[in-house]
Amino acid sequence: MTDLQPVPASKHQLMLFSAYLALQGLKWQTIKAYLSAVRHLHLIGAPQEGFSDIARPRLQLLLRGIKRSTSAIPRRTRLPTTPLILQQVWQACPVPATDHDAMMIWAAMATCFFGFLRAGEVCCPSASDYDPTWHLCVSDVALDSHSAPTRLFITIKASKTDPFRQGVTITLGKTGQQLCPMSAILPYVAVRGADPGPLFRFADGSFLTRGKFVSEVRQRLMAAKIDPAPYSGHSFRIGAATTAAHAGMDATMIQTLGRWKSSAYQLYIKIPRESLAAVSAVIAVVQ
């Protein structure tokens, strides 16, 4: 169609655009966000034309159909990475103090879990794409004390829920247990050195990307005789929320630690089947 003009867009164009995005696998909420961007384009490029077509019944019916069809698609199950799984990985893949890459992967895993972080917040998007104003750098790590540290601070400069790069500093504490973020991160940083660049990188200087991180984690899961298919880079964040909830942590604290703006964090909490089964015995008691 060569007769289509970008501004102003007709309702037919908007419907074609929405259908195209749906065929590309985008979710209904994402398509709505794209349409909002188109509306903004009209406000800038053709304010006299307005943007009333966004509210037309046919377009709304199409969006409603997209919402229903995408909601019917089963979501990929992502299991939480729990402390038990981390222990099993540690036992199956011990981390020698002389193995830079093994120390780095273990430190990244501990950072994601104890920091309630997304994998994308600790990794570079690609092997060559690195921006020190956006991505996690070695200079973003600080201690409360160099002689006897008990707390570690990591500054996350930006994330998908922080488009304006306001940044946030997360605090990780010393646990005194086998699983401890400080005992995982500090030895790696000591081996890595303080020269500028991404916090997590391999001995050959290449960056730790999200894809490489997930691949390395899955290899360790297989070594621990755990099916890696249901686990992803997001499993650490899910596991942290699930573990905190199972331990009885206050919901407000979980929401704060995970930097959730709403109650959406509840979707991340996976209740063990044993706990669900125990409910039967509880509600069977005659009062």
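Residue-by-condition table, conditions (1) in a loop (DSSP other than H, G, I, E, B); (2) over 20 Å from P187 (Cα atoms):
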{"residue": "L117", "(1), (2)": "yes, yes"}
{"residue": "G120", "(1), (2)": "no, yes"}
{"residue": "S126", "(1), (2)": "yes, yes"}
{"residue": "D129", "(1), (2)": "yes, yes"}
{"residue": "W134", "(1), (2)": "yes, yes"}
{"residue": "A142", "(1), (2)": "no, no"}
{"residue": "A148", "(1), (2)": "yes, no"}
{"residue": "F153", "(1), (2)": "no, no"}
{"residue": "R165", "(1), (2)": "yes, yes"}
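Checking V122, V217, V191, V168 one by one, the residue that is within 19 Å of the chain's Cα centre (by Cα), closer than 18 Å to C93 by Cβ and hydrophobic (A, V, I, L, M, F, W, C) is V217 and no other.
Within region 233-257, the set of residues being open to solvent by 60 Å² or more (accessible area, probe 1.4 Å) and among the β-branched types (V, I, T) comprises T252, T256. If you check A190 against the conditions, is it of a type in the set (A, V, I, L, M), open to solvent by less than 20 Å² (accessible area, probe 1.4 Å) and in a helix (DSSP H, G or I)? No; evaluated as a whole, the condition is false for this residue. Note down all Cβ pairs under 8 Å where the first residue falls in region 66-87 and is more than 25 Å from L23 (Cβ to Cβ), the second is in a loop (DSSP other than H, G, I, E, B) and at pLDDT 95 or above, and they're at least six residues apart or on different chains. Going by the 8 Å Cβ cut-off, the qualifying pairs are I85/A224; I85/I226. Out of L35, L41, L16, one residue alone is assigned to a helix (DSSP H, G or I) and at pLDDT below 75. It is L41. Looking only at residues in region 225-263 that are within 19 Å of the chain's Cα centre (by Cα) and among the β-branched types (V, I, T), which one is farthest from Q87 (Cα to Cα)? Top of the filtered list is T256.
The values are calculated or read from the model by the stated rules, or taken from the named source; none is laboratory data. For clarity, every value in this text was computed on a predicted model and none was experimentally measured. Glycine also receives a Cβ, built like all others from the backbone with ideal geometry; neighbour counts cover every protein chain displayed. Keep in mind that these areas ignore ligands, DNA and RNA; they rest on the heavy atoms of the full protein, side chains included. Shrake-Rupley method; radii C 1.70, N 1.55, O 1.52, S 1.80 Å.
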